[in-house]
């Protein structure tokens with residue numbers, strides 16, 4: 001099956017409807033620079049229609065009154081349908097945003113499937129109701145669906161971020177309007193088709209490609225109860241200000257400048273191989289990548305030798321070629337931004353071990369990966385999120401300084417620590433102020449929450465904590481004897 005690449009209708013309230021205008025969004029391949037698809041663009045009128053449908057479905061429809069397990073059955077059907085079309089989804093994401101095809105197959109599609117499995121399981125294990133009995137009183141505490149959700153997702157992992165928002169919202173009993181990135185609407189509309197076939201009730205899901213102005217209108221809509229956004233910190237600040245005016249609940253998963261701390265007892269060969277994807281997957285276009293690499297001065301040179309050899313071994317080219325490990329930047333503007341950071345690193349006195357010049361490929365928005373040494377902690381390439389294949393290696397004198405350098409950032413999204421002593425590694429990692437720290441490349445899994453400290457966001461996604469973000473706790477005061485009987489029925 002070939003997934004659709006032209007959409008003349010909008011997915012509003014579970015139905016394909018005519019848009020209110022003739023405006024369109026064209027999708028340009030970052031590899032060939034050719035137009036590979038186009039979609040109808042939503043306006044404020046379309047947003048009003050979608051929010052009205054979501055409000056009606058939440059307030060009067062059956063969805064929120066179904067059990068979590070019944071709601072999860074829809075996700076199970078969606079999971080099976082994505083799995084059946086996983087090769088087509090992988091190809092579409094590669095064509096749309098340039099992810100190397102082997103990574104599209106294993107990560108861009110594999111991760112959403114794993115997330116769906118996790119949320120389906122959570123529908124059975126999450127404590128939607130619990131009884132609390134104490135000296136001050138007895139209560140039934142329930143988690144009620146938050147209501148109508150507006151979700152705004154980025155272009156770099158379009159299927160993953162759509163699922164990490166839609167799945168918990170649906171398990172919780174919410175209705176949701178999803179606004180995809182203008183660079184990758186095809187993937188998200190293909191997902192809408194799958195949800196349509198999965199049997200969602202009317203009004204529960206809408207998918208609206210739109211420009212920034214229309215997106216802000218959705219975020220600030222008075223009938224929206226909860227906003228969830230993944231993207232840049234600058235955009236997150238703007239969204240937070242809009243939500244703050246109406247006290248709309250908001251979750252923000254924002255930028256990062258994550259540090260990989262390499263302790264002296266680390267296995268350098270294993271560490272470097274872990275950083276192949278840990279620092280450079282999706283061509284460097286992931287917010288959680290470890291792009292600041294902290295290594296002690298006594299192991300600095302041997303690390304650089306290994307790291308430069310590894311980066312040099314990653315072919316740059318057509319992402320449809322299975323041999324490619326570094327594909328194009330998503331847009332010409334993003335390519336130019338990344339190149340400007342490389343230029344700033346050289347201007348500020350950092351040394352390029354490899355990369356640093358414009359790509360020699362004659363078509364597509366490519367950047368050769370750059371590895372910098374002699375990086376000072378206050379250089380732009382050490383402080384700001386590049387969102388491209390640019391790595392900064394910073395030496396440290398001792399573990400105390402390594403921790404200080406790891407925390408020398410406005411961000412706190414992710415991090416990594418490499419050591420042969422896991423117990424000591426946990427002690428060091430506990431001092432790093434980030435939402436996640438991978439020990440020796442081990443991810444926390446999809447039962448754990450992700451999210452950031454400081455300028456990396458507000459709230460968490462994934463795990464029970466992420467599901468809880470789509471609910472409001474509600475307490476009922478009860479007579480003690482009734483509460484004791486009720487508690488027995490819930491265990």
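None of the figures in this text is laboratory data; all of them are computed from the coordinates on show. The structure displayed is predicted, hence computed values, not measured ones. Note that each Cβ is placed from the backbone with ideal geometry, even for glycine, and that neighbours are counted across all protein chains shown.
Per-residue Cβ neighbour counts within 10 Å put 318, 269 in the sequence 269, 318, beginning with the fewest.
With equal scatterers on the alpha carbons only and no solvent term, can you work out the Debye log10 of I(q)/I(0) for the stretch 312-414 at 0.21, 0.23 1/Å? Scattering profile of the stretch 312-414, log10 relative to I(0): -1.09, -1.22.
Sorted from greatest to least, the principal axis extents spanned by the alpha carbons of the chain come out as 67, 62, 42 Å.
Would the stretch 406-491 count as rounded, prolate or oblate if I go by the C-alpha gyration tensor, calling it rounded below 1.5 in a/c and otherwise prolate when a/b exceeds b/c, oblate otherwise? Show your work: numbers first, answer last.
Values: a/c = 3.21, a/b = 2.14, b/c = 1.50.
Since a/c reaches 1.5 and a/b is larger than b/c, the shape of the stretch 406-491 is classed as prolate.
At what distance in angstrom do the alpha carbon centres of the stretch 40-93 and the stretch 269-303 lie from each other? Their Cα centres are 37 Å away from one another.
Centre-to-centre, using Cα atoms only, the stretch 421-464 and the stretch 175-204 are separated by 30 Å. Sorting the Cα pairs of the stretch 58-177 by distance into bins of 10 Å, from 0 upward, gives 13, 36, 29, 15, 5, 2, 0 percent per bin. Each Cα pair under 8 Å and six or more residues apart adds its sequence gap; the mean of these over the residue count of the stretch 106-263 is a relative contact order of 21 percent.
What percent does the relative contact order of the stretch 258-439 come to when contacts are Cα pairs within less than 8 Å and at least six residues apart? The partial results should precede the final answer.
Working: 344 pairs, mean separation 52.4, N = 182.
Computed over the stretch 258-439, the figure is 29 percent.
In terms of its alpha-carbon gyration tensor, the stretch 1-117 comes out oblate; a/c meets the 1.5 threshold, while b/c is at least as large as a/b.
Determine by what factor the alpha-carbon radius of gyration of the stretch 183-313 differs from 2.2 N^0.38 Å, reporting the quotient. Intermediate values should be presented prior to the final figure.
On the way: Rg = 21.1 Å, N = 131, 2.2 N^0.38 = 14.0 Å.
After normalising by residue count via 2.2 N^0.38 Å, the value is 1.51.
So if we plug the beta-carbon distance of residue 142 and residue 81 into 1/(1 + (r/R0)^6) with R0 = 25 Å, what FRET efficiency do we get, rounded to 0.05? Spell out each step's value before the answer.
Values: r = 32 Å, r/R0 = 1.27.
E(calc), rounded to 0.05, equals 0.20.
Working value for the stretch 258-439: equivalent-ellipsoid semi-axes of 27, 17, 15 Å, each the square root of 5 times a Cα gyration tensor eigenvalue, largest first. To test your reading of the geometry: what angle, between 0 and 90 degrees and rounded to tens, separates the Cα axis of helix 68-84 from the longest principal axis of the chain? Roughly 40 degrees, rounded to the nearest 10. Between 0 and 90 degrees, rounded to the nearest ten: what's the tilt of helix 110-125 against the longest Cα principal axis of the chain? Roughly 40 degrees between the two axes.
Inter-label distance, residue 380 to residue 102: 3.3 nm, where each label sits 7 Å from its Cα along the C-beta direction. Taking Cα atoms only, the orientation of helix 185-198 departs from the longest principal axis of the chain by about 30 degrees.
With an 8 Å Cα cut-off and a minimum separation of 6 or more residues, compute the relative contact order for the chain in percent.
19
Where does the Debye-calculated log10 I(q)/I(0) of the stretch 1-40 sit at q = 0.19, 0.23, 0.24, 0.30 Å⁻¹, using only Cα point scatterers of equal weight, no solvent? Values returned for q = 0.19, 0.23, 0.24, 0.30 Å⁻¹ are -0.63, -0.81, -0.85, -1.01.
Assuming R0 = 25 Å, can you tell me the calculated FRET efficiency for the pair residue 404 and residue 270, based on Cβ-Cβ distance, to the nearest 0.05? Kindly include the intermediate steps, with their values, before the conclusion.
Working: r = 26 Å, r/R0 = 1.02.
Once rounded, the FRET efficiency stands at 0.45.
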